[in-house]
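Working notes for the structure below.
The values are calculated or read from the model by the stated rules, or taken from the named source; none is laboratory data. This is a predicted model, so every value here is computed, not measured. A quick note on method: Cβ atoms are made from the backbone with ideal geometry, for glycine too, and the neighbour counts reach across all protein chains shown.
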Amino acid sequence: MPVLQLRRSESSLRAEMPEERARAAPFLKWVGGKTTLLAELLRHVPPRATLRRYHEPFVGGGALFFAVAPRRAVLSDNNAELVHCYGQVRDDVHGVLDALARHVYEKAHYQNIRALDPLHLPPAARAARFIYLNKTCFNGLWRVNRAGRFNVPIGRYTNPRFHDPSALIAASQALKGVEIVHAPFEAALVRAAAGDFVYLDPPYDPVSATSSFASYTADGFTWDDQKRLARACIALNRRGVRFLLSNSATERVRELYRGFEQRTVRAPRFINSKAESRGRVAELLVFNA
Ligand SMILES: C[S@@+](CC[C@H](N)C(=O)[O-])C[C@H]1O[C@@H](n2cnc3c(N)ncnc32)[C@H](O)[C@@H]1O
């Protein structure tokens, strides 16, 4: 496996980091990432001072979490590799950076790394593998086969930045004290209590049969899952938990959340590989306050 020499030691970079917290941002490129919708989403988040606890049970790249930078938070997702990666970035960011510095953007190396069983790697190397594949694969997609093996081909980039010490250290600082949990959304939501705020960004209801990118995990996310999620939101509302949910603005999603506040916003979406399907699409925000 080709090994890239560290140009500068991690410790010299560490010494340069300012004491105050750098502004953190998502360190992954995630399908459905919410960076472009942030301003709209932030309008519905309670002020930081009044926010008892923040929950994000479909965390993905965590765009809203990093923008809000809540004092107390629980982040979860049912993608085990993603959750492991967040935990390592929080607890051992320098170990992850050291492991990332050994990677190179090169097809044979990519294929070797992709073929590794993550469960046989040391924790920091496993997280670094996840970040490396995420930043160098086609479109930042995370797709696994039936056996749960990542199977996305390498993408074309000029100089993909998978080893980015200041960004990863800032993310690590934002994650300090945050609970990171591997769980399906229903198990995660049981923990939200009155006064908490939950942001829900599930895999979207497909706007057409060909636009389904709902297979974020080996299981996919079905219409039945959407219905269970709507029931979970009704339960949150009854318990006095404030929530904000985003989804595609399809008729059946509007109908599912009838009785809650709804607002349509327009956001650029780039996941469809057919150029004509790219562009601004209507998204639905659902909330209870
Ligand atoms: C649309 S993405 C979230 C994007 C995120 N808001 C961002 O800014 O990057 C949906 C996430 O839901 C996760 N997911 C899919 N099914 C799930 C389930 N049943 N329970 C919990 N998480 C699930 C996927 O692994 C994926 O990370």
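A few notes on this one:
- Within the stretch 240-259, the residues that satisfy the criterion of being in contact (Cβ under 8 Å) with a residue 12 or more places away in the chain and either closer than 16 Å to Val45 by Cα or loosely packed, with under 14 Cβ neighbours inside 10 Å (or both) are Gly240, Val241, Arg242, Phe243, Leu244, Leu245, Ser246, Arg252.
- Checked against the criterion of being over 23 Å from Val59 (Cα atoms), surrounded by fewer than 16 Cβ atoms within 10 Å (Cβ to Cβ) and at pLDDT 95 or above, the stretch 135-154 has at least one qualifying residue.
- Subset of the stretch 161-212 (residues that are at pLDDT below 95 and under 15 Å from the mean Cα position of the chain (by Cα)): Pro203, Tyr204
- The residues in the stretch 48-61 that are within 6 Å of the ligand (Cβ to nearest atom) and either free of Cβ contacts under 8 Å to residues at least 60 places away in the same chain or in a helix (DSSP H, G or I) (or both) can be counted, and the count is 1.
- Residue within the stretch 217-236 that is at pLDDT below 95 and within 18 Å of Leu64 (Cβ to Cβ) present: no
- Selection status of Ala67, more than 14 Å from the ligand (Cβ to nearest atom) and not in a loop (DSSP other than H, G, I, E, B): no
- Residue list for the stretch 42-80, restricted to those being surrounded by fewer than 18 Cβ atoms within 10 Å (Cβ to Cβ) and basic (Lys, Arg): Arg43, Arg48, Arg52, Arg71, Arg72
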